[in-house]
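Contents: one structure, followed by commentary.
The values are calculated or read from the model by the stated rules, or taken from the named source; none is laboratory data. Small disclaimer: the values here were computed from a predicted structure and weren't measured. Note that each Cβ is placed from the backbone with ideal geometry, even for glycine, and that neighbours are counted across all protein chains shown. Heavy atoms of the whole protein, side chains included, go into the accessibility calculation; ligands, DNA and RNA do not. Shrake-Rupley method; radii C 1.70, N 1.55, O 1.52, S 1.80 Å.
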Amino acid sequence: GCDLSRDVILAYLRNNKVVFGVIEEALQALEDEPRYREPVLVAQGQKPENGDDARIQFLFETDRSKINLEEKNGKVDYKELHLVQNVVEGQALARKVPARMGVQGRTVTGKVLPAKNGKDIPLPLEKNVHASDDGLTVIADVNGEATYINSKINVETVYTINGDVDLKTGNQFFLGTIVITGNVEDGFSVKATGNIEVRGNVGRAEISAEGDVIVHQGIMGKSAAVITAGKNVWAKFIENATVNAGENVIANMNIINCEITAEKRIICTGNKHAAIVGGLYRASEEINAKTIGSPAGGAETILDVGSDPKSKVKMEDLDGKMKVLQRQIDENDKNIYSLKETKRQRKTLPEDKEALLEELLHQHEVMASEMGALKGEYDSIQNYLNNLKVKGKVSVSGKIYPGTEIVIRDIREKIKSEYKGLTFFLENMMVKTTKYEEVDDEILRKGPPDAH
């Protein structure tokens, strides 16, 4: 009838083969405050714990159906859908959480209860990706679009849009080449670090590629399209658009009412009706067309060759800024003269007028400094253009009509009569002509690059 001590209870458990999971605190509590006629937990086994299988944590959105709309000024921009997931070379795309080993269990009598280890899985590697040194991270080999197709991670360097670029697709930006099987509708933009190939037409849109822009049909710019290419622009026809190319602009049929700047050549010789009509065209080396201008007259056609087009545009911009600044300086100087004359006559000025004079003198110094910087930059570009080795020529295999103006370097020549089959060039600072010289057809023979 005596109370049991902790040691007696422990010996009783051991005699009954309870050797694992004994709760020492429970035994001590029974000694300190005995409890009767109720079960007391004094030993507890350990359940086996199976290990977790390895799994992949994706660092990009694998569900292509999800659309992330962008807000601008509190309004949703339905043109910015962010459907393409651009990634850069070296970027981590996914990480593997390694499988975990199972933890075996035991009964209170010491029997081992086995547990299963988690299963390993391979990294889902496919095209243009590799595994990190520790084998746990998927890393992009190139710039492009991250995709998860057929349980594999790829980086695609060519992104194909099956159809038009419109509200369904939104604006597009891709770190690689974009192929559009349809049209680019009015008001949308497409930008790529590779080439952009449009199998249909381009409307009043913004197209920008670091490589070539290839339009299988035509560009109908509606006086608002802006096409920019790091290399060449290819199209059947170009109308009412602004085009800038790091190398050549090549059209098969016609170029009408455009502002085109090409670092090398503008070519429009694809068929017997190929013509450049109306607009401003700048090319460093050559402009070559079947027909230039229109027999009916109309919009002036200006062809500017023999200089660096970008530098010439920069000079025109600087010239505009200097003219605006000079008007401000002249106005400022008039006010300074007026205040000084008043001071000379009256020997003094009211305090507010004196403060105004000081401010105007300060503004004069600031504007004079700014004018000096603009003039220095202008003169530097002028000197660069004067020392350019490129000759520049304009060639027309068919007819060139009055209303056309040819500029070679800074020498201007207005065409006053109709001519046929001529090449215009500069000699002794005079525009002269010779028999038509055909365009170097190497680039025409090669044609536009294949997107793939």
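So here's what we get for this one:
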| quantity | calculated |
| --- | --- |
| Residue that is nearest to Gly218 (Cα to Cα), among those in the range 252-261 that are among the aliphatic types (A, V, I, L, M) and at pLDDT 95 or above | Ile255 |
| Unmet criterion (only one of (1) closer than 30 Å to Lys432 by Cβ; (2) in contact with a helix residue (DSSP H, G or I) (Cβ under 9 Å, 6 or more places away or on another chain); (3) open to solvent by 40 Å² or more (accessible area, probe 1.4 Å)) for Lys375 | (1) |
| Subset of the range 100-131 [surrounded by 15 or more Cβ atoms within 10 Å (Cβ to Cβ), of a type in the set (Gly, Ala, Ser) and assigned to a strand (DSSP E or B)] | Gly105 |
| Selected residue (criterion: surrounded by the fewest Cβ atoms within 10 Å (Cβ to Cβ)) from residues of the range 2-54 that are on the phi < 0 side of the Ramachandran plot, assigned to a loop (DSSP other than H, G, I, E, B) and among the small types (Gly, Ala, Ser) | Ser5 |
| Meets criteria (closer than 30 Å to Ala43 by Cα, of a type outside the set (Val, Ile, Thr) and in contact (Cβ under 8 Å) with a residue 12 or more places away in the chain) for Arg95 | no |
| Yes/no for Val155 being of a type in the set (A, V, I, L, M, F, W, C) and closer than 21 Å to Val84 by Cα | yes |
| Residue that is modelled with the highest pLDDT [pool: residues in the range 197-232 that are farther than 16 Å from Asn252 by Cβ, open to solvent by 70 Å² or more (accessible area, probe 1.4 Å) and touching a Ser or Thr at 6+ places or on another chain (Cβ under 7 Å)] | Glu206 |
| Subset of the range 295-341 [within 30 Å of Ala229 (Cβ to Cβ) and either of a type in the set (Asp, Glu) or more than 42 Å from the chain's Cα centre (by Cα) (or both)] | Glu300, Asp304, Asp308, Glu316, Asp317, Asp319 |
| Qualifying residue in the range 337-356 (condition: open to solvent by 20 Å² or more (accessible area, probe 1.4 Å), under 24 Å from Asn383 (Cα atoms) and of a type in the set (S, T, N, Q)) | no |
